[in-house]
Amino acid sequence: MNQTQYACNECDYLIYLDALEEGHVACCPRCHHHVVERKLNSINRTLAVCFAGLIIFFPAILQPLMSMRILGLDSSASLFTGMKAIWQNDLHFVAACIFFFCIFTPITKLISALIICLGVKAKKIHHAWFKQLFMYYHKADTWEMLEVFMIGILVSIFKLKDLADLSLNIGIICFAVLVLCVNALKITLDKAMIWDEIDNAKP
Amino acid sequence: MQNRNVNGLTAKDQGLALCMVCHQLANYKSGENNFCPRCESPIRMRFKDSLQRCWALTICSLIAFIPANAYPIMTFLTFGKGQGDTILSGIFALIKFEMYPIAAIVFIASFVVPLAKIIGLLVLLISLQSRKTFSKQKRTKMYRWIEFFGKWSMLDVFVVALLVSLVEFGTILEIVAGPGATAFGIMVILTIFAANSFDPRLLWDEESN
Ligand SMILES: [Zn+2]
Ligand SMILES: [Zn+2]
């Protein structure tokens with residue numbers, strides 16, 4: 001019998017499965033958690049998403065998201081200036097949080113996913129540091145909060161729109177694309193498949 | 001596809017432990033340190049001291065919830081004068097200006113979600129320790145929601161960061177961030193740690209005992 005043994009990671013139920021076809025999902029019969037998910041064309045899709053994300057990353061962080069005008073004075077804000085302003089307000093901890101959740105973890109995820117997918121493509125995944133890198137990717141998953149910042153942008157637009165002349169800048173489009181790319185990683189990257197690749201890789 | 005597991009066996013019953021990093025099943029030898037054969041991270045049957053850690057972190061986040069709401073999260077200064085806004089007074093201001101949808105989003109993200117998360121974790125913890133149980137499926141679902149919504153409470157902190165850097169017109173009009181933001185950030189991080197330290201498999205373990 002060529003079945004693989006899995007355990008549900010939410011209720012520990014043992015499941016025996018034949019090899020899944022691409023695009024299929026296996027659910028836990030007891031708690032309905034998605035135990036195994038074979039994703040369609042995972043490597044190529046992930047590579048595309050990573051490239052797009054990395055290209056858009058710096059404009060999204062540095063370009064002004066919006067600007068406002070009061071009594072002839074202009075002011076604009078981006079993710080980076082927001083972090084800097086909080087730092088100058090002496091809230092160093094909060095500034096560090098923003099850096100970590102919205103700049104550091106997304107770029108870690110993009111770069112590590114890119115390197116791992118290139119490694120799988122080049123069949124060079126047997127190096128030990130690939131494992132380490134993939135574990136960083138796994139850990140970064142919990143702490144990535146770009147989409148929360150996106151909603152934060154929308155909330156601040158609504159808060160300020162009655163107060164002053166508010167105009168949206170190109171940065172907000174870059175930022176939206178970045179949020180899409182980073183979140184698309186969750187859909188495209190097949191963690192189980194990468195682990196199998198790492199397992200089967202021969203030097 | 002045929003399911004061979006007719007007896008409802010868990011991995012634990014079979015002496016197998018699941019690696020939480022790479023989801024590899026591995027033989028577990030009790031009484032020694034076990035490591036995943038694939039990714040070499042330490043593995044355990046269940047998270048280490050899951051309940052104690054979760055209790056401690058949940059109580060800490062409940063304590064941090066008080067300064068997070070009592071201290072001003074930002075101050076709106078016009079010509080150097082102004083009053084600090086806490087999270088709740090900010091929401092009341094939004095209601096006063098009739099921005100109901102935005103008020104609802106901020107209220108849910110920064111007040112309801114963290115509080116519901118703390119209360120939810122407390123309910124899960126108490127349900128494990130008392131014999132009175134409500135459905136395991138429901139509690140697992142609850143845990144999933146708690147895990148999913150955790151990070152959304154950072155919303156207000158991000159809004160403050162944006163407002164502070166955007167509204168900077170010298171002495172005429174200025175928004176300054178307050179100490180409430182730090183307390184708030186600490187509280188959100190504590191709740192995320194608390195949810196991560198809770199092992200949902202404990203909810204199902206009682207069945208076998
Ligand atoms: Zn399950
Ligand atoms: Zn492992």
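The values are calculated or read from the model by the stated rules, or taken from the named source; none is laboratory data. Just so it is clear, the structure is predicted and the values come from calculations on it, not from any experiment. Glycine gets a Cβ as well: all are built from the backbone with ideal geometry, and neighbour counts include every protein chain shown. To get the accessible areas, we keep the full protein, side chains included, count just its heavy atoms, and leave off ligands, DNA and RNA. Shrake-Rupley method; radii C 1.70, N 1.55, O 1.52, S 1.80 Å.
Report the Rg/Rh value for the stretch A:55-203, based on alpha-carbon coordinates and the Kirkwood definition of Rh.
Value, to two decimals: 1.10.
Relative contact order of chain A, please, whole-number percent, based on alpha carbon pairs below 8 angstrom and at least 6 residues apart.
Relative contact order for chain A comes out at 29 percent.
As a check on your grasp of the helix formula, calculate [θ] at 222 nm for chain B: sum -39500 (n - 2.57) over DSSP H runs of n ≥ 4, divide by the residue count, round to the nearest 500.
For chain B, the value works out to -16500 deg cm²/dmol.
Which lysines, on any chain, are close to B:K138 with Cα under 25 Å apart, when same-chain ones fewer than 8 places away are left out?
B:K12, B:K48, B:K117, B:K151
Could you work out the mean count of beta carbons from other protein chains within 10 Å of each residue's beta carbon in B:175-182?
Per residue, the average neighbour count from other chains is 5.
Could you name the lysines in cross-link range of B:K81, using Cα to Cα under 29 Å and dropping any fewer than eight places away on the same chain?
Of all the lysines, those that pass the test against B:K81 - Cα under 29 Å, at least 8 places apart if same chain - are A:K84, A:K159, A:K161, B:K96.
From the P(r) of the protein assembly as shown, can you give the percent of Cα pairs sitting at distances over 30 Å?
49 percent
What are the lysines whose alpha-carbon lies under 17 Å from the alpha-carbon of A:K39, with same-chain residues fewer than 8 places away excluded?
Within the straight-line limit of under 17 Å, A:K39 reaches these lysines: A:K121, A:K186, A:K191.
At what distance in nm do the modelled label points of A:I115 and B:I66 sit from each other, each positioned 7 Å from its Cα along Cα→Cβ?
According to this spin-label approximation, the distance is 4.6 nm.
If R₀ is 51 angstrom, what is the calculated FRET efficiency for the pair B:S130 and A:D18, using the beta carbon separation as r and rounding to 0.05?
0.75
Grab the Cα-Cα distance for A:L163 and A:Q5, subtract it from 0.36 nm times how many residues apart they are, and report the gain in nm with one decimal.
Working it through step by step, the gained length comes to 50.9 nm.
If you check each cysteine of chain A for another cysteine whose beta-carbon is under 4.7 Å away, which ones come up empty?
By the Cβ distance rule, which asks for a partner under 4.7 Å, the isolated cysteines are A:C27, A:C50, A:C97, A:C102, A:C117, A:C174, A:C181.
Give a quick list of trypsin sites (Lys or Arg not before Pro) in the stretch A:47-136 that DSSP marks as loop, anything other than H, G, I, E or B, with at most 14 other Cβ atoms within 10 Å.
A:K123, A:K124
Given a 1.4 Å probe and no ligands, DNA or RNA in the count, how much accessible surface is buried by A and B, both sides, to the nearest 100 Å²?
The summed interface area works out to 6200 Å².
Per-residue mean of other chain beta-carbon atoms within 10 angstrom of the beta-carbon, peptide A:155-168?
5
Which whole-number percent is the relative contact order of chain B (Cα, under 8 Å, 6+ apart)?
29 percent
What relative contact order, as a whole-number percentage, does the stretch B:47-102 give when Cα pairs under 8 Å and 6 or more residues apart are counted?
The value is 20 percent.
Give the angle, between 0 and 90 degrees and rounded to the nearest 10, that separates the Cα long axis of helix B:50-70 from the longest principal axis of the Cα atoms of chain B.
10 degrees
Round to the nearest 10 and give me the degree value, 0 to 90, for the angle of helix A:128-140's Cα axis relative to the longest principal axis of chain A.
The angle comes out at about 50 degrees.
Relative to the longest principal Cα axis of chain A, at what angle does helix A:146-160 sit, 0 to 90 degrees, rounded to 10?
Taking the Cα atoms of chain A, the angle to A:146-160 is about 20 degrees.
What does the accessible area of B:R53 come to, in Å² to the nearest 10, when a probe of 1.4 Å is used?
Accessible area, nearest 10 Å²: 110 Å².
Compute the whole-percent fraction of alpha carbon pairs in the stretch B:79-209 spaced more than 27 Å apart.
36 percent
Output needed: Cys residues of chain B lacking any neighbouring Cys C-beta below 4.7 Å, sorted by number.
Taking the Cβ cut-off of 4.7 Å, the unpaired cysteines of chain B are B:C54, B:C60.
Grab the alpha carbons of the stretch A:1-127, take their convex hull, and tell me the volume per residue in Å³.
Each residue corresponds to 199 Å³ of Cα convex hull volume.
Of all accessible surface on the protein assembly as shown at a 1.4 Å probe, what whole percent is carbon and sulfur?
With neighbouring chains kept in place, the figure for the protein assembly as shown is 62 percent.
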